[in-house]
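None of the figures in this text is laboratory data; all of them are computed from the coordinates on show. Note that the structure is predicted; figures quoted are calculated from it, not measured.
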Amino acid sequence: MSPRLKRGIPVDSAFLEIMGVIKGSVSRATDFEPLSREEYLGLRWRLAPSFASEQERHTIYDIYEWYERAKKKRGDIDQVDRIIKVTKALEGFRSSEVLGESAFERKIRSVLDEVYVDGKQF
């Protein structure tokens with residue numbers, strides 16, 4: 001990452017902000033999409049206290065966009081991408097089965113007792 005892009009922002013703090021706020025805000029209500037730049041900039045600073053100034057938040061979002069492009073170019077996925085893919089797959093199997101549990105759900109239930117995502121039990 002270029003020093004111009006970082007502009008004095010600690011990389012580890014930027015990554016935590018990206019994973020915990022920009023990408024970490026995904027849910028079924030948002031169709032599993034990360035926050036847009038406008039949504040991120042519109043958050044009250046207390047929701048993302050590490051980067052309170054608007055300039056810092058623009059920089060963090062620039063770093064996020066760079067990260068996503070670099071990740072895509074290499075064909076990588078991160079932990080949030082992985083969680084979203086698994087959740088969407090499970091929902092797809094659930095919605096494709098009209099009555100009762102699908103064979104896939106029975107198989108999953110045979111090897112897992114409980115699954116928690118963001119404190120919600122599935």
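Work out from phi, with θ = phi - 60° and the Karplus expression 6.51 cos²θ - 1.76 cosθ + 1.60, the ³J(HN,Hα) of each residue of the range 72-85, listed in order in whole Hz, and give x for Gly and Pro.
Residue by residue, the range 72-85 yields 5, 4, 8, x, 8, 9, 10, 5, 5, 4, 4, 4, 5, 4 Hz.
Treating only the Cα positions of the range 3-76 as identical point scatterers, give the base-10 log of I(q)/I(0) from the Debye formula at each q in 0.14, 0.22, 0.28 Å⁻¹.
With no solvent term, the Cα-only Debye profile gives -0.42, -1.02, -1.46.
Please give the contour-minus-distance gain from SER13 to LYS85: 0.36 nm per residue of separation, less the Cα-Cα distance, rounded to one decimal in nm. Mind dumping the intermediate values first?
Numbers: separation 72, 0.36 × 72 = 25.92 nm, distance 2.52 nm.
Length difference between fully extended and current span is 23.4 nm.
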